[in-house]
Amino acid sequence: MQENILTPKLVVKENKFCPGCGHGVIEKLICQVLEEKGLENEAVGIVAVGCACLITDYMGTDWIQAQHGRAPAVAAGVKHVRPGKFVFTYQGDGDAAAIGLSETMYAAKRNEPITTFFVNNGVFGMTGGQMAPTSLLGQKTTTSPFGCDYSKAGEPIKLAELLATFNVGYIARGSIANYSELMKTKKYISKAIDCQIQNRGYSFVEILSPCPTNWKMSPVDSLKRIETEAMTYFGCGELKGQVQND
Amino acid sequence: MAEIIKGNHAIAEAAIRSGCRFFSGYPITPQSEILEYMSWRLNEVGGTFVQTESELAGISMLYGAASCGFRTMISSSGPGFSLLQEGISYLAAAEIPSVVVDLMRFGSGLGDISPAQGDYLQVAKNGGHGDYRCIAYAPASIQDVVDYMNKAFSIAEKYRNPVLMACDGTIGQMVESVVFPEMYQHDPDQFDWSIKDQRETVHKQVTSKMYYDYIDEDYCAHFREKYDAMESEAEWESFYAEDAELILVSYGTMSRICRDAVLLARKDGLKLGMIRPITLWPFPKQAFKAVTPKAFLTVEMSVIPQMAEDVSLAARGIAPNYSYTTGMHYPDEVRIIEEVKLVLDNKKEEV
Ligand SMILES: Cc1ncc(C[n+]2csc(CCOP(=O)(O)OP(=O)(O)O)c2C)c(N)n1
Ligand code: SF4
């Protein structure tokens, strides 16, 4: 338990995410794993926009801010010229699954040796809670006031499954709904990082995460919603690249 | 030693000789041969070539590599050049140098693959959003592109800003004799702003300067100062302009025909001259202060007057400016002189 209470050194500033936001928790998890692996100096992150991009102020790795959706392409550019670095993207669902779906898919298609941490909170957080490609059917958002309707929006994108159609290094989906899921997610993050460090190609971890502000729910109810709704629809686990005997 | 080479290949080779070691792009006529050449040549010199899924991804990848201090180039044309604009604005905001080549074609929308000068406004006035500027070189020959390439990279690094190479599509397609410079060795670790193999004492945030380095008025002052300083990079060529009765203003390959028109007219006693902007931005306003013609005639290969607007501004208080847009075709010298005579006979409307 103790390791989760200690703040990693890589967290250089207190975050200003809303109370109960998943971004702060995921940031801490990534920082912990990078520190455990001694990668603080080699890591460079690429963000784009959204609440996700606020992380660059709080997490002390080097950062580049890309255009909305283009982080995987920017990351690939960095990795090509500085192959010794650990290069990752940190992206929300509007970013990676809507405007940047093409860049996301092509990073996997080319099996670029980069790692994407994909925060699926089912809404466009920063812009005020509009419908995302991952919003669940029936979910009310500021642009789906009557609930997400299959006849208009189709079904929520399962990005991990889409990417798993490619012959890439590692793909998993975790959540931070409770302690046990959090620990599993930490392991997925760790394996995704290993995948890149060991030159096994593209790695991707999707993380089901709460946005209490735009869900208009308490932090506790938000976590419950992930357990009862998001995890039921998306399902958690490793989809590709499970290494034997771990 | 001079060699005979196709323009697009020469553009790619010139970039390599200037130390460019990263190219990511997407095919479009009339510049696809740049990609084709880069795909084997970068491999030969230990660089990286990536054919991306779109121009959006191409310039994004370049942004990543350029943020690491490497010399990077991308090229496109027409609709593809439009898609590069998002990235160009981001590069300018984050102050990341790089070279972007536009092989201009004809028309709007899909337009036509035939070479022209249809992108003047997009090049000189910024195709992307917001407050930024890019120095834009307009070569008139393949040798020009080769000679300006290393300079384009150095200027990009001097001002930490993308630089545009605005070539008429013709330059990519024609074949000329060219002398290449020796290979330039570029050190990507020479800059304090770039991402290095190891993090330095303070973690770096490559992003719009607005967020961390300059707040509010400081930000405005920084960029105003920078773009003012960039104005000093204006370049032009004046050809028989001092005593000219009428001055043709044209750039790129069109200036080569205008030059012949000047010589031909002077044989008949008609005192023509020419001003050729080498930089489309900054526009060489100074060139106009030194001349006293009766009129200017802007000759460009587009549908509507584009550069002519800048010429009118520069010519204010000096002489009226007229426009001759040639569409997708090159006129010959005789046709240009006919147009000059229409101006001198008061048969054309001022711009
Ligand atoms: C080209 C472009 N279009 C739109 C925006 C506005 N915008 C900023 S953040 C954002 C949504 C981000 O949502 P998501 O990726 O889910 O991240 P979150 O805020 O939930 O972390 C949008 C659309 C933009 N910055 N750029
Ligand atoms: S709006 Fe949502 S995603 Fe953004 S910080 Fe608040 S809780 Fe987090």
Here, helices (runs of 4 or more DSSP H) confined to region A:172-246 with at least 1 residues that are among the hydroxyl-bearing types (Ser, Thr, Tyr) and within 16 Å of ligand 1 (Cβ to nearest atom) are A:212-215, A:219-225
So, in region B:42-72, exactly how many residues are among the charged types (D, E, K, R), in contact with a helix residue (DSSP H, G or I) (Cβ under 6 Å, 6 or more places away or on another chain) and more than 7 Å from every other protein chain (Cβ to nearest Cβ)? 2
Scan region B:40-64 for residues that are closer than 21 Å to residue B:181 by Cα and touching a residue at least 12 places away in the same chain (Cβ under 8 Å) and jot them down. B:41, B:42, B:45, B:46, B:47
Examine region A:95-114 for a residue that is within 16 Å of ligand 2 (Cβ to nearest atom), open to solvent by 10 Å² or more (accessible area, probe 1.4 Å) and at pLDDT 95 or above, and state whether such a residue exists. yes
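Results for (1) away from ligand 2 (no atom under 16 Å from the Cβ); (2) more than 14 Å from the chain's Cα centre (by Cα); (3) of a type in the set (Phe, Trp, Tyr); (4) under 18 Å from residue A:234 (Cβ atoms), shown as yes or no for each residue.
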site	(1), (2), (3), (4)
A:51	no, no, no, no
A:55	no, no, no, no
A:59	no, yes, no, no
A:86	yes, yes, yes, no
A:90	no, no, yes, no
Could you check, for region A:143-165, whether at least one of its residues is within 16 Å of ligand 2 (Cβ to nearest atom), surrounded by fewer than 18 Cβ atoms within 10 Å (Cβ to Cβ) and away from every other protein chain (no Cβ under 14 Å)? yes
The residue that is farthest from ligand 2 (Cβ to nearest atom), considering only those in region A:119-137 that are over 14 Å from residue A:158 (Cα atoms) and open to solvent by less than 50 Å² (accessible area, probe 1.4 Å), is A:130
Region B:194-237 - residue that is under 30 Å from residue B:276 (Cα atoms) and basic (Lys, Arg) and, of those, least open to solvent (accessible area, probe 1.4 Å): B:226
Which of (1) away from ligand 2 (no atom under 15 Å from the Cβ); (2) under 18 Å from residue A:161 (Cα atoms); (3) crowded, with 24+ Cβ neighbours inside 10 Å does residue A:69 not meet, given it meets every other one? (2)
Considering only region B:3-21, I want to know if a residue exists there that is under 20 Å from residue A:67 (Cα atoms), crowded, with 20+ Cβ neighbours inside 10 Å and in contact with a Pro (Cβ under 9 Å, 6 or more places away or on another chain). no
In region A:160-219, which residues are farther than 15 Å from residue A:113 by Cα and among the charged types (D, E, K, R)? A:161, A:173, A:181, A:184, A:186, A:187, A:206, A:216
Check region A:33-47 and report whether any residue there is surrounded by 21 or more Cβ atoms within 10 Å (Cβ to Cβ) and within 16 Å of ligand 2 (Cβ to nearest atom). yes
Scan region B:73-91 and report the pairs whose first residue is within 13 Å of chain A (Cβ to nearest Cβ) and whose second residue is open to solvent by 10 Å² or more (accessible area, probe 1.4 Å) and of a type in the set (A, V, I, L, M, F, W, C), with Cβ atoms within less than 7 Å and a gap of 6+ or a chain change. B:83/B:56; B:86/B:56
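The values are calculated or read from the model by the stated rules, or taken from the named source; none is laboratory data. What you are looking at is a predicted structure, and each value in this text was computed from that prediction instead of being measured. Because the Cβ atoms are built from the backbone with ideal geometry, glycine has one as well, and the counts that use them run over all protein chains shown. Ligands, DNA and RNA are stripped out before the accessible areas are found, and what is left, the full protein with its side chains, is counted by its heavy atoms. Shrake-Rupley method; radii C 1.70, N 1.55, O 1.52, S 1.80 Å.
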